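A short write-up of the structure that comes next.
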Amino acid sequence: MIETGQTDAELQADAGLWPEWMPSGLVNLGLDLRGGAHLLAEVQVEEVYAARMEAFWPEVRDALAAQRDTVGFVTREEGDPSELRVRISNADQAAAALEIVRGLATPVASITGAGANDIDVRAEGAEIVVTLSEAERVATDDRTIRQALEIVRRRIDEVGTREPTIQRQGEDRILIEVPGVGSAEEVKEIIGTTAQLTFQPVVSRTSDANESAGPNNEILPSLDEQGVFYILERNPVVSGEELVDAQPAFDQNGRPAVNFRFNPTGARAFGDYTAENIGSPFAIVLDEEVISAPVIQSHIPGGSGIITGNFTVEESTQLAVLLRAGALPAGLEFLEERTIGPELGADSIEAGKLAAIVGALGVVVFMVASYGLFGVFATVALTFNMILIFAVLSILGATLTLPGIAGIVLTVGMAVDANVLVYERIREELKTARGPARAIDLGYEKALSAILDGNVTTLITALILFLVGSGPVRGFAITLGLGILTSVFTAIFVTRLLIVMWFERRRPKTIEV
Amino acid sequence: MRLRIVPQDTKIDFFRAAKITFGASVLAMIASIVLFFVMGLNFGIDFQGGTTIRTESESTVDVRAYREAIAPLDLGDVVITEVFDPSFGDDKNVASVRIQAQDGTEAVSAQTIAAVETALQGVDPTITFPSVESVGPKVSGELIQSAILAVLGSLVAILFYIWLRFEWQFAVGALAALVHDVVLTIGIFAAIQIKFDLAIIAALLTIVGYSINDTVVVFDRARENLRKFKTMPLRDLLNLSANETLSRTVMTSGTTLLALLALLVLGGDVIRGFVFAIFWGVIVGTYSSIYVAKNIVLMLGVKRDWDKKDDPKAGTQFANIDA
């Protein structure tokens, strides 16, 4: 289980000897022992608010434009990205506009937010300000994190890494642990690439990066043409979320390309747009860069197409993977990154193992020297205790970390405490009690409250460590807590059984503890 | 033949030198607090943010050359320390490079790490980087908070448990002993400037757990003796209890220290600080359960009239589990 240095073939041969009906879980090793990358990412949930507002603008514009006679002209004002500011020219009709915009609200689709609307609308003079409501934000955040979690998982799985841990942590964080990777950077490259694919109408082409793009437009650089910029409409016709498939392929000229296919909604939007805009250019944008801006030659029904560019085969394969895995709904900010090399972990295991053996031997010698035969009983219990700890660790699927090994070694030292308490008590009782049998009984009885109080308090600290600790520290809390439970169990039941069995068989007149 | 570290019947008067031992404890605590504020703790990146890079090389570590190689990168505070361990051979030279958190970024950027690695490779081509860890200021802030909460939480939980099972005076005594142990451990970390990181917090909690275990055993005996010898003066009674349990206290501390010593020497440098903290804590914890916790109980006094039916507060209702 923490054996190293054997080849896989040997291990597999060994594993073959293990009967199938027996539980076959091994102790999981923590990243600090087997090497790998640990990352903690925070999902930038606010980005989704901005995207939502962006998407909401056309709807608001159309609704207000329909009532142009009352509210006048509608223009969008720049403001905080998480809010939508709309100015109407007839300032005195703000109340009416407010009503219209409020009418666009839909109920929040979540259990906790039941009864609330998805947007809050307020008027500031001639401006109507739309923001996401609190309930909708909560619901959106949750959705965003789940989606991000799923996408991170899919991307890491695509690369084929074994047993990654991908968990939500707290409100808006994702914990990613990938064993066996060379560096956290590699993991970041896999998941950090947003692969945000959009298809946007092209307004014009320019060589000036600072040219004013005009309202609702944006200016983006070209991927392979240096110094070329495109002015695009900000609202995409179709986006990557509508993709159902992407595969590496080659174009008519034999250059690497990526084939893609949209879902029905995406296909319809794409088909309609291409039908209406034959002859105008149209940009394929990946991660804020224009991959290409072909002119629409004909109506493209069916919702499939091809992305060409100056790709290598590798790049087109990678791009297809990223497109297939889908875009992250929001950016990730990495708060914590740890890379542990496999050699360091192996060294730690070796050192830990040696220390555990030497420590245990020392304790055994000390116990036998102090308590003779009873010390031997304690040693048997200690061995039993170690087996129990590893057994429970593997059944629970708990992770063994470096501090966890320290916890086990510490348990070796502390585990004999319950035995010591009992033995010392038996020694005392031998002075007063009638006969050794009575002394043994009394020793166990009277030591119980001390054992219990002492260990419950230690267990409390182990529990708190488990609750607030993370990673390696949690591994320590697990082995320490387990060690306390198993050591009390073995000291009270196992050694007692051994002593009683021995006593029944030998019936000694006097005992020496 | 039995190994007896403590003679069969001891009658040590632990209170005879009470003024000296208690005074020494108070002084040591004050010294620790002063050290903490004057020297400060050598916080690891867990609590400070920043990056630690562990380097390993076949040739000897030249800290100055490393520093000179990294200096042009202008990364602010860079701490380079050589790491020693008896298990390292001549061809294994390890150092740890700590870079402070960079302004405006959460984790240190990949480019920064790559730049440092390239710079170090320039000094020593055989250098490798077995581990690289970065923690952003946001997380480190939270880690400090949860660490403080963990230590306080466990103290409160233990205080509550002891209060349930014993008289409140014992709870106060136990708490004083725990605070004593935690403060002295922080003190030694400030004094010798060992890296103080998340693992040390785990060590502190372990110390708390160990020390309370030790204290409770003495208290348990005192509780028993309080019922047995109803008229014995409290001072004598506490002394008797400590003497009766002395052999056990020494045995358990002995076996624990033995196991820890093996870890300290052979367990590798990665957890040495952690093991050192626990090792130190076991020593201080054993001392405090004999010399601090009891003294506080003696100072506060204990209600003795257990049998008076009209006083429901005498004894405690949760104390009777022993047969």
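The fraction of accessible area contributed by carbon and sulfur in region A:349-506 is 74 percent, rounded to a whole number (1.4 Å probe; ligands and nucleic acids excluded).
The B-A contact accounts for approximately 6000 Å² of buried accessible area, totalled over both chains at a 1.4 Å probe radius. Three principal axis extents of chain B based on alpha-carbon atoms, in descending order, are 80, 51, 36 Å. The accessible-area loss of region A:410-427 on complex formation, taken against its chain alone with a 1.4 Å probe, reaches 50 Å² or more at A:410, A:414, A:417, A:424, A:425, A:427.
For the protein assembly as shown, the Kirkwood hydrodynamic radius from C-alpha pairs, put into Stokes-Einstein at 10 °C and a viscosity of 1.306 mPa s, yields a diffusion coefficient of 50 µm² per second. Membrane-span-like helices in chain B, defined here as complete DSSP H runs extending at least 18 Å along the helix axis by their C-alpha atoms with mean Kyte-Doolittle hydropathy no lower than -0.5, are B:18-38, B:110-123, B:137-165, B:168-192, B:198-228, B:234-266, B:272-291; this is a sequence and geometry rule, not a statement about a membrane. Just tell me the longest site-free run in chain A, where the sites are GluC sites (Glu not before Pro) in a DSSP loop having at most 13 other beta-carbon atoms within 10 Å. Result, exposed sites excluded: A:289-511. The value of relative contact order for region A:46-138, using C-alpha pairs under 8 Å at least six residues apart, is 26 percent.
Computed with a 1.4 Å probe on the full set of protein chains, the accessible area for residue B:292 sits at about 10 Å². Heavy-atom accessible surface of region A:46-138, averaged per residue, reaches 52 Å², computed with a 1.4 Å probe. Computed over protein heavy atoms with a 1.4 Å probe, the carbon and sulfur contribution to the accessible area of region A:197-335 reaches 48%.
Candidate cross-link partners of residue A:431 among the lysines, defined by an alpha-carbon separation under 24 Å and a same-chain spacing of 8 or more, comprise A:446, A:509, B:11, B:228, B:230. Within the straight-line cut-off of under 27 Å between alpha carbons, the lysines reachable from residue B:138 are A:188, B:195, sequence neighbours fewer than 8 places apart in one chain being disregarded.
Return the percentage of antiparallel bridges among DSSP beta bridges fully within chain B, rounded to the nearest 5 %.
The antiparallel proportion sits near 90 percent.
Shown for region B:50-95: residues covered by the partner protein chains by 10 Å² or more of accessible area relative to the chain by itself (probe radius 1.4 Å), namely B:54, B:92. Summed over the residues of region B:191-277 and divided among them, the accessible surface reaches 27 Å² per residue at a probe radius of 1.4 Å. Among rounded, prolate and oblate, which fits region A:128-241 when a ≥ b ≥ c are the square roots of the eigenvalues of its C-alpha gyration tensor, a/c under 1.5 means rounded, and a/b larger than b/c means prolate? Taking the square roots of the gyration eigenvalues as a ≥ b ≥ c, region A:128-241 is oblate. When the other protein chains are added to the chain by itself, burial of at least 50 square angstrom of heavy-atom accessible area (probe 1.4 Å, ligands and nucleic acids ignored) affects these residues of region B:236-281: B:248, B:251, B:255, B:258, B:259, B:263, B:266, B:271, B:274. Rounded if a/c is under 1.5, else prolate if a/b beats b/c, else oblate: with a ≥ b ≥ c from the C-alpha gyration tensor eigenvalues square-rooted, which is region B:50-135? Prolate.
First check a/c for region A:197-335, with a ≥ b ≥ c the square roots of the eigenvalues of its C-alpha gyration tensor; if it is under 1.5, answer rounded, and if not, answer prolate when a/b is larger than b/c or oblate otherwise. Verdict is rounded for region A:197-335. Calculated mean residue ellipticity at 222 nm for the protein assembly as shown: -18000 deg cm²/dmol, from DSSP H runs with n ≥ 4 weighted as -39500 (n - 2.57), summed, divided by the residue count and rounded to 500. Express in % the proportion of alpha carbon pairs of region B:174-310 at distances exceeding 21 Å. Cα-Cα pairs of region B:174-310 separated by over 21 Å account for 47 percent. Here region B:50-135 exposes an accessible surface that is 48 percent carbon and sulfur, computed with a 1.4 Å probe and the other protein chains kept in place. With protein chains left intact and a 1.4 Å probe, residues in region A:296-414 average 36 Å² of accessible area per residue. Accessible surface for residue A:62 stands near 90 Å², nearest 10, in the context of the full protein assembly shown (1.4 Å probe). Counting only whole DSSP H helices of chain A, the ones at least 15 Å long by C-alpha along their axis and with mean Kyte-Doolittle hydropathy no lower than -1.0 are A:46-65, A:134-159, A:264-276, A:313-325, A:342-371, A:373-396, A:402-432, A:435-468, A:472-489, A:495-506. Using C-alpha pairs under 8 Å with a sequence gap of at least 6, the mean separation divided by the residue count of chain A gives a relative contact order of 16 percent.
Highest average first, the peptides B:120-132, A:453-465 ordered by how many other beta carbon atoms sit within 10 Å of their residues are A:453-465, B:120-132.
Rounded to the nearest 5, what % of the DSSP beta bridges within the protein assembly as shown are antiparallel ones? Roughly 95 percent of the DSSP beta bridges within the protein assembly as shown come out antiparallel. Across chain B, the mean sequence separation of Cα contacts (distance under 8 Å, 6 or more residues apart), normalised by length, yields a relative contact order of 25 percent.
Can you tell me how much longer the chain between residue A:95 and residue A:275 gets when fully stretched, taken as 0.36 nm per residue apart minus their C-alpha distance, in nm with one decimal?
60.8 nm
FRET efficiency for the residue B:60 to residue B:193 pair, using the beta carbon distance and R₀ = 35 Å, is estimated at 0.90.
Comparing mean-square fluctuations of B:262, B:101, B:202 from a GNM of chain B with C-alpha springs under 10 Å, the top value falls on B:262.
The values are calculated or read from the model by the stated rules, or taken from the named source; none is laboratory data. Computed from a predicted model, the values in this text were never measured in an experiment. Heads up, the Cβs are rebuilt from the backbone with ideal geometry, glycines too, and the neighbour counts pull from every protein chain shown. Protein only, heavy atoms only, side chains kept; ligands, DNA and RNA dropped before computing areas. Shrake-Rupley method; radii C 1.70, N 1.55, O 1.52, S 1.80 Å.
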